[in-house]
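Note sheet for the following structure.
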């Protein structure tokens with residue numbers, strides 16, 4: 001994220017805040033949430049609302065959770081707020097709730113129209129300063145989800161500014177999916193009602209329908225397979241793929257729109273719903289090629305439904321041995337909200353297995369383990385899961401396929417495009433809430449994989465292991481370690497929404513043929529202490545944010561940005577933002593670099609494109625097409 005700042009809080013303060021939060025939440029509702037028939041034990045941090053509950057009760061419960069989570073960026077709370085089919089709120093009494101960190105808000109209908117919220121579901125700026133300098137921004141508003149419902153926007157009872165839009169002021173690791181927004185009020189991706197500076201750095205929308213979307217200060221955004229009535233402005237990197245009503249790209253870079261008429265490969269994220277008999281099911285959408293518009297225009301999203309009885313419903317504290325045994329028996333895996341310490345790999349070996357996380361369920365590596373390994377078999381889906389590095393270095397956090405005999409030993413499949421391994425809303429952290437160490441965060445060594453929205457983050461701020469050195473962040477460079485963000489060796493891999501930031505060497509290395517990336521966003525690390533720490537063995541200054549291997553014959557990128565803010569040593573130089581082989585089959589469309597106040601990127605792609613340095617702060621350097 002661009003130039004994010006956060007309050008630093010000690011352990012005692014965090015514990016006290018969590019204790020207060022637990023009291024506030026448990027006291028918010030007068031009656032237990034309604035449970036449907038056949039519901040498994042989803043744990044204490046899943047709250048299910050039904051339409052018979054009073055609006056005031058729902059609002060109090062949801063906003064108590066939001067109050068506990070709104071500043072708990074590095075905390076352990078994880079929440080799912082689920083709405084059973086029906087209508088909530090009215091013109092006389094709209095339901096207006098806020099969403100904080102690690103919170104999922106979702107409807108339990110088979111289609112978005114089955115759950116209607118008359119009111120607002122919002123996220124505002126965080127104000128990190130004091131009264132004299134409020135420093136209100138959305139740059140740190142991460143890790144929250146809104147999905148599968150209809151929102152009839154109503155600002156009744158709010159002040160004049162707040163009544164003007166539904167505010168969704170967010171940045172990375174935030175998804176909006178299967179949302180139908182109605183009414184004449186705008187949906188705003190920035191919060192313009194606080195004192196400012198009101199910066200935002202998101203984000204992702206898929207399979208949703210809107211009237212007018214106010215982009216505002218959003219530096220980059222991907223909207224995929226949706227319907228929009230109007231989209232206002234753009235800052236640096238705005239990408240639309242398979243979107244009905246998307247703006248035209250012919251004036252690029254003013255405005256900076258990149259528009260694909262159709263998405264090359266897409267598969268919507270699985271979702272939990274309640275069937276007509278009141279039983280929980282997980283809907284698994286079908287993968288499609290060359291798609292456009294919403295998946296639910298003609299009714300239920302095409303796909304298959306899996307009863308919850310075919311899932312192992314895991315809770316924090318369950319051993320990996322238990323989880324692996326359940327997967328080996330043929331179960332799918334539902335991770336209820338919380339933190340899972342993983343001291344050996346969870347292994348997904350069976351085709352078409354679904355691993356679905358609720359409320360940003362988080363797998364944390366223990367003793368250098370690789371938390372999740374996916375075999376190269378068709379149709380595996382991992383969705384809604386965050387994976388954290390631990391204090392002992394892991395070789396990798398998510399391994400898909402194998403580097404050893406990947407075409408033979410692990411059942412390599414050639415029809416991946418028909419039933420691809422799919423990663424949806426899978427996020428990675430190296431540092432932040434605790435010390436994190438990894439060699440490579442994510443490896444994709446299988447063919448035909450679909451990555452549908454990921455944020456791979458070596459943390460630029462956090463609560464432990466970030467003691468400022470003489471130059472600001474020297475100690476972080478040696479404590480919070482991650483050499484490489486993402487490595488892709490598989491062929492025909494597609495990524496829609498690939499955000500990778502702050503790794504100490506290469507953020508992205510793409511070595512497979514036939515790759516397609518629709519929106520790439522990267523910030524180079526803030527904290528290299530010296531130029532020597534940020535120089536390749538062959539003497540090349542710095543590491544590109546985006547590297548395509550020299551042997552790659554075909555590759556396409558649509559809409560990419562590499563940002564530089566070397567705050568620890570502003571004299572540091574990076575030779576290029578993108579490094580690719582120069583041949584007709586490797587094509588970059590609409591790429592840019594930008595300086596955020598410190599450091600230099602000499603060229604955009606290889607030796608092409610103008611320099612981004614402190615004389616051009618906030619002024620992107622564009623290359624429309626390369627070569």
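Starting from segment 598-620, keep only residues that are assigned by TED's automatic domain parsing to the domain that holds residue 255, then list their pairs with residues that are outside any strand (DSSP E or B) whose Cβ atoms are within a distance under 7 Å, requiring at least 6 positions of separation or different chains.
From residues that are assigned by TED's automatic domain parsing to the domain that holds residue 255, there are no pairs.
Any chance segment 273-285 includes a residue that's under 20 Å from the mean Cα position of the chain (by Cα) and farther than 20 Å from residue 150 by Cβ? Talk me through it step by step, then tell me what you get.
At the first step, the residues of segment 273-285 found to be under 20 Å from the mean Cα position of the chain (by Cα) are 284-285.
Subsequent filtering for residues that are farther than 20 Å from residue 150 by Cβ retains 284.
Within segment 273-285, one or more residues are under 20 Å from the mean Cα position of the chain (by Cα) and farther than 20 Å from residue 150 by Cβ.
Looking at 86, 75, 107, 100, which is the one that is over 18 Å from the mean Cα position of the chain (by Cα) and either crowded, with 23+ Cβ neighbours inside 10 Å or closer than 24 Å to residue 139 by Cβ (or both)?
Values: 86 fails: either crowded, with 23+ Cβ neighbours inside 10 Å or closer than 24 Å to residue 139 by Cβ (or both); 75 fails: over 18 Å from the mean Cα position of the chain (by Cα); 100 fails: over 18 Å from the mean Cα position of the chain (by Cα).
None of the others qualify; the one that does is 107.
Suppose the filter is buried (at least 24 other Cβ atoms within 10 Å of the Cβ), in contact with a strand residue (DSSP E or B) (Cβ under 9 Å, 6 or more places away or on another chain) and modelled with pLDDT under 95; does residue 203 pass it?
So residue 203 fits the description; yes.
Per-residue answers, yes or no, for (1) at pLDDT 95 or above; (2) not in a loop (DSSP other than H, G, I, E, B):
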position: 132; (1), (2): no, no
position: 142; (1), (2): yes, no
position: 146; (1), (2): yes, yes
position: 149; (1), (2): yes, yes
position: 152; (1), (2): yes, yes
position: 157; (1), (2): no, no
position: 160; (1), (2): no, no
position: 163; (1), (2): yes, yes
position: 170; (1), (2): yes, no
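Looking at segment 333-408, what strands (runs of 3 or more DSSP E) fall wholly within it and have at least 1 residues that are touching a residue at least 60 places away in the same chain (Cβ under 8 Å), outside the structural domain of residue 145 (by TED's automatic domain parsing) and under 17 Å from the mean Cα position of the chain (by Cα)? Explain how you work it out, then say what you get.
Values: elements: 339-342, 346-348, 354-365, 372-374, 381-388, 394-401.
The qualifying strands (runs of 3 or more DSSP E) are 354-365, 381-388.
For residue 276, indicate whether it is modelled with pLDDT under 95 and either part of a loop (DSSP other than H, G, I, E, B) or touching a strand residue (DSSP E or B) at 6+ places or on another chain (Cβ under 9 Å) (or both).
Yes: the conditions hold for residue 276.
Do we have residue 217 as out of contact with any helix residue (DSSP H, G or I) (no Cβ under 9 Å at 6 or more places or on another chain) and either within 22 Å of residue 100 (Cβ to Cβ) or touching a residue at least 24 places away in the same chain (Cβ under 8 Å) (or both) here? Quick ask: steps written out before the conclusion?
Working: out of contact with any helix residue (DSSP H, G or I) (no Cβ under 9 Å at 6 or more places or on another chain): yes; either within 22 Å of residue 100 (Cβ to Cβ) or touching a residue at least 24 places away in the same chain (Cβ under 8 Å) (or both): yes.
Yes; evaluated as a whole, the condition is true for this residue.
Within segment 115-122, identify whether any single residue is surrounded by fewer than 19 Cβ atoms within 10 Å (Cβ to Cβ), farther than 21 Å from residue 272 by Cβ and in contact (Cβ under 8 Å) with a residue 12 or more places away in the chain, and answer yes or no. Steps first, please.
Kept after step one, since they are surrounded by fewer than 19 Cβ atoms within 10 Å (Cβ to Cβ), are these residues of segment 115-122: none.
Among the residues of segment 115-122, not one is surrounded by fewer than 19 Cβ atoms within 10 Å (Cβ to Cβ), farther than 21 Å from residue 272 by Cβ and in contact (Cβ under 8 Å) with a residue 12 or more places away in the chain, which makes the answer no.
Looking for something more than 25 Å from residue 145 (Cβ to Cβ) and in a helix (DSSP H, G or I) - is there at least one such residue anywhere in segment 288-305?
no
Do you know which residues across segment 611-627 are more than 19 Å from residue 531 (Cα to Cα), part of a strand (DSSP E or B) and in contact with a strand residue (DSSP E or B) (Cβ under 6 Å, 6 or more places away or on another chain)?
617, 621, 622, 623, 625, 626
The values are calculated or read from the model by the stated rules, or taken from the named source; none is laboratory data. Here the structure is a predicted model, which is why all the values come from computation and not from measurement. Positions of Cβ are backbone-derived with ideal geometry, glycine not excepted, and every protein chain shown enters the neighbour counts.
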